[in-house]
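The values are calculated or read from the model by the stated rules, or taken from the named source; none is laboratory data. Note that the structure is a prediction, hence the values are computed from the model and not measured. Backbone-built Cβ (ideal geometry, glycine too); neighbour counts: all protein chains shown.
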Amino acid sequence: MRRRDLVARRLYCQIVPMALGLTFLLGGCEGPTQAPPSKEVQAGAGAQSQPPPPPSNPKIKEIMARVGGPGPQSLQNSLVAAVKAEQPAWEEIQGGAKEYARLAAEMGGLEPIKGSSASWKELTKAFADSTADLDKAALAKEKDKVGETLAKLGGSCMGCHRQHRIMAPPGGRAASPGG
Ligand code: HEC
């Protein structure tokens, strides 16, 4: 019985495709199943060896990258820019403020890799409270209040980072021992 299967398989995998010249169309036969991975783009890929990243809580990192990452697309930067407009796009601002408040509220439930839990509790609460104010002000379309709250938020970053964030050493080089 198995023999018959084998014969059938042979027929299917070898003879049929040979006859048809269509080997490449038949799956399930032996042979390369995957194209070899194409070479990574080499030019401009930043081939220099990077120092290892500092210790991190990936969940906090993800929230932070969205809230305050570099560039105009971060929530903090985009909201600061958006509320300056003569005719602010309130729907966008409200959407951003709501997301900001939701993310900030999640921070308190996460564990920073550094610093005391009392400090973390206090700073994440202040962050969540300010973003809740921001959310309210955005819903009420209070331009000045939105601007003020964003400025307050922008002034709170460093205080928390000093306590709870391990930064990559400047220049990417670890301090040499015995200095
Ligand atoms: C309540 C504390 C707290 C506040 C407030 C805070 N951060 Fe952070 N932030 C952190 C911690 C902790 C990390 C490190 C996360 C990790 O473990 O990788 C971090 C990391 C970052 C990073 C690095 C993200 C990455 O991809 O590695 C950026 C950028 C950042 N914060 C921007 C901001 C900006 C901008 C503000 C203010 C608008 C802010 N943060 C406010 C706690 C805070």
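Figures for the structure shown
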{"quantity": "Residue count for region 75-89, restricted to those that are under 14 Å from Lys143 (Cβ atoms) and surrounded by fewer than 17 Cβ atoms within 10 Å (Cβ to Cβ)", "calculated": "6"}
{"quantity": "Residues satisfying the stated conditions in region 134-179, i.e. modelled with pLDDT of 95 or more and among the charged types (D, E, K, R)", "calculated": "Asp135, Lys136, Lys141, Glu142, Lys143, Asp144, Lys145, Glu148, Lys152, Arg162, Arg165"}
{"quantity": "Pairs, first near the ligand (Cβ under 7 Å from one of its atoms) and of a type in the set (Gly, Ala, Ser) in region 54-71, second at pLDDT 95 or above and in a helix (DSSP H, G or I), C-beta under 8 Å, six or more apart", "calculated": "Gly68/Leu75; Gly68/Gln76; Gly68/Asn77; Gly68/Cys157"}
{"quantity": "Residue match in region 43-60 (condition: part of a helix (DSSP H, G or I), touching a helix residue (DSSP H, G or I) at 6+ places or on another chain (Cβ under 6 Å), at pLDDT 95 or above and surrounded by 10 or more Cβ atoms within 10 Å (Cβ to Cβ))", "calculated": "no"}
{"quantity": "Criterion violated by Asp135 - all others in (1) within 10 Å of the ligand (Cβ to nearest atom); (2) surrounded by 14 or more Cβ atoms within 10 Å (Cβ to Cβ) satisfied", "calculated": "(1)"}
{"quantity": "Matching option when the condition is under 23 Å from Ala168 (Cβ atoms) and of a type outside the set (A, V, I, L, M), among Glu148, Glu106, Glu86, Glu111", "calculated": "Glu111"}
